[in-house]
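Asker: Sharing a structure with you now.
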Amino acid sequence: MGEKALKKLQVWKYQRRRLRLLIFLLRFPRLVYVFTRLLRFVIPGRETRSNSARRHSFSMIGGGLVRPADLKAMRYVYLDYLEYMDDLLYAEKGTWPVVWSEFNLSNEILRVLDVVMYVPESMAIMGHNMGTHTTVKIIEAAEREGLPTEFCSAGKAAIGAYLTHQAPKPDLLISSSHPCDSVVSSYQTLEYLTKAPLFSVDTPYWDDDDSVDYYADNLLELIGFLEDNTGLKVNWDDLAQVCDNINRTNALLQEYTEMARAVPSPCNLTCLLLGWQHSIAAHGTENGLQFARMICENAKARLAKGKGFIKKQKIRVIWWDIPIGFHFLEPWLNRRFGAVTVADFMGRVNTNMIDLSSRETMIRDLARSHLNIAMARQLRGPAEFFTEELKRILEEYSGDCMIFTRHQGCKGGWAMGKLIRDVCQKSDLPVLFLSTDSFDPRFASEQEIKREITEFFQNNGLA
């Protein structure tokens, strides 16, 4: 017999229950720290059907290595997650329009309209909290309808979530022309399936002033599209407040990423990726600002004492391309090898300040900010956007090695393999090219990936 079909919005209802419990427990961060430290002796090294959800959730909160001060900070992000999920689950009451917005966009404008915002690709991550098999089931639903296996699994999860009734029905769709063809075509598919009007923000190829002006005009057109189709109006004072919070949050997170250059690194990838995920769902909130302030202060305190995030740091890893999403590997790397990721592709913050003096300057700098978020800044133009940033990272972060995920849905990454290898060879840095799918373990399992990394460290005298 086949598996039971998922009930309507089951993934989000399940995750909300677990999140409420976690938020309550994080009122007592020291207790959670002790509990997770003990739990690492109980969580098995291999995934089974019965332990998949627990292992995924355990790794996502740091695998027992995140200390109480940072656990306390993480609670602020989870409060915004809970509000995001509550909005999704009450969306069908029809009080507010539902707008689906791509995960490579920054959604400040939606936050100052009375709409429910849903990020379709978030299912690729959230489904694993019910177990790896849940996300695979959702991806398979899209494949049965004709999506090719080599298509980005985040896009397949977005489409599969709609087909399996794990997403609220949209009134509007927003997409962009970056970072890849998979994203563009997945939203064309969603437009066809949902019959909702689609606005695609046209991303410029270059990075000059004309390109920023062009993208700013696109954002103004987006505002017109939203106002015309919802009957709502953007509150520009509220948008200025959101942008002010974004400025302060990004300044702190950028300082955090810069501190990772220290040896030993006082920073942790768990916190950085949590900040990136938060920026997708709730950029510019007071909770997000408080989270950034706290993790930055905690890292500064460790830096002042010459301490790293973990006690014995032996290998400094530069992790380029998106991380493994079906099982977060950083706690395993920390514990097994004393390896820490000091620079990564997604969590690292490198954005501009937004000038709040007028609507025109705010929109223009929002446009520049959108073009500088992760994936947008590296993957929308010539290969040099990717390789030049990589060169700077290799020069500044004192890495011992680089791991390139080579997510099977990211065809650009595969095409640039020789360019990336050349950059690493010039710096005498050993590089591992994994062949993975970030969200679908059928392509390469957790154990296979761990074996490749282990052999890479051993073969290069790092472990």
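The values are calculated or read from the model by the stated rules, or taken from the named source; none is laboratory data. Since the model is a prediction, treat every value here as computed from it, not as a measurement. As a convention, Cβ positions derive from the backbone with ideal geometry for all residues, glycine included, and neighbour counts pool all protein chains shown. Ligands, DNA and RNA are stripped out before the accessible areas are found, and what is left, the full protein with its side chains, is counted by its heavy atoms. Shrake-Rupley method; radii C 1.70, N 1.55, O 1.52, S 1.80 Å.
Asker: List the residues, sorted by chain then number, that are 5 or more residues from Ser176 or on another chain and whose placed amide H is less than 5 Å from its amide H.
Answerer: Excluding prolines and chain starts, which carry no amide H, the hits are Val201.
Asker: Report, by chain and number, residues whose modeled amide H sits under 5 Å from the one on Cys267, excluding near sequence neighbours (fewer than 5 apart, same chain).
Answerer: Amide H to amide H, under 5 Å and 5 or more residues apart or across chains, Cys267 pairs with Phe309.
Asker: Can you pull the percent of the stretch 1-47's accessible area that's carbon plus sulfur, 1.4 Å probe, other chains left in place?
Answerer: Of all accessible area on the stretch 1-47, carbon and sulfur atoms account for 61 percent.
Asker: What are the residues whose amide H is under 5 Å from the amide H of Cys401, where those residues sit 5 or more places off or on another chain and H is modelled from the backbone?
Answerer: When sequence neighbours closer than 5 places are left aside, the close amide H contacts are Arg316, Ile318.
Asker: Take each of the peptides 380-393, 285-298, 229-242, average the number of other beta-carbon atoms within 10 Å over its residues, and list them starting from the highest.
Answerer: 285-298, 380-393, 229-242
Asker: Related question: So how do Ser176, Ser200 rank on accessible area, 1.4 Å probe, biggest first, that is with the largest at the start?
Answerer: Ser200, Ser176
Asker: Next question, about the same structure. If ligands, DNA and RNA are left out, what is the accessible area of Trp276 with a 1.4 Å probe, given in Å² to the nearest 10?
Answerer: Its accessible surface works out to 50 Å², give or take rounding.
Asker: Separate question: Order Phe199, Phe41 by their accessible area, 1.4 angstrom probe, all chains in place, largest first.
Answerer: So, going from the largest accessible area down, we get Phe41, Phe199.
Asker: Something else: Roughly how far apart, in whole Å, are the Cα centres of the stretch 89-133 and the stretch 310-374?
Answerer: With the stretch 89-133 and the stretch 310-374 each reduced to a Cα centre, they are spaced 21 Å.
Asker: How many Å² of accessible area per residue for the stretch 1-137, probe 1.4 Å?
Answerer: 47 Å²
Asker: Continuing with the same structure: Write down, largest first, the equivalent ellipsoid semi-axes of the chain in whole Å, where each equals the square root of 5 times an eigenvalue of the alpha-carbon gyration tensor.
Answerer: Three semi-axes, in Å: 31, 26, 24.
Asker: Follow-up question, since we're still on this one. Rank Met117, Met60 by accessible area, highest first, at a 1.4 Å probe radius?
Answerer: Met60, Met117
Asker: Right, next: Note down the accessible area of Thr454, probe 1.4 Å, to the nearest 10 Å².
Answerer: 30 Å²
Asker: Tell me the net charge near Gly284. Cut-off is 11 Å between Cβ atoms, Gly284 excluded, with +1 for each Lys or Arg and -1 for each Asp or Glu.
Answerer: That sum, taken over residues with Cβ under 11 Å, equals -3.
Asker: Rounded to two decimals, what ratio of Rg to Rh does the stretch 183-237 give with C-alpha atoms and a Kirkwood Rh?
Answerer: 1.05
Asker: Step through the residues of the stretch 165-177 one at a time and calculate ³J(HN,Hα) from phi using the Karplus curve (6.51 cos²θ - 1.76 cosθ + 1.60, θ = phi - 60°), rounding each to whole Hz and writing x for Gly and Pro.
Answerer: Coupling constants for the stretch 165-177: 6, 9, 9, x, 5, x, 9, 9, 10, 10, 9, 9, 9 Hz.
Asker: A follow-up question, please. Could you name the lysines whose alpha carbon sits less than 16 Å from that of Lys156, not counting residues in the same chain fewer than 8 places away?
Answerer: Lys137, Lys411
Asker: Right, next: Tally the DSSP beta bridges in the chain and give the antiparallel ones as a percent, rounded to 5.
Answerer: 0 percent
Asker: Would you check the accessible area of Tyr214, probe 1.4 Å, heavy atoms only, in square angstrom rounded to 10?
Answerer: About 100 Å², rounded to the nearest 10.
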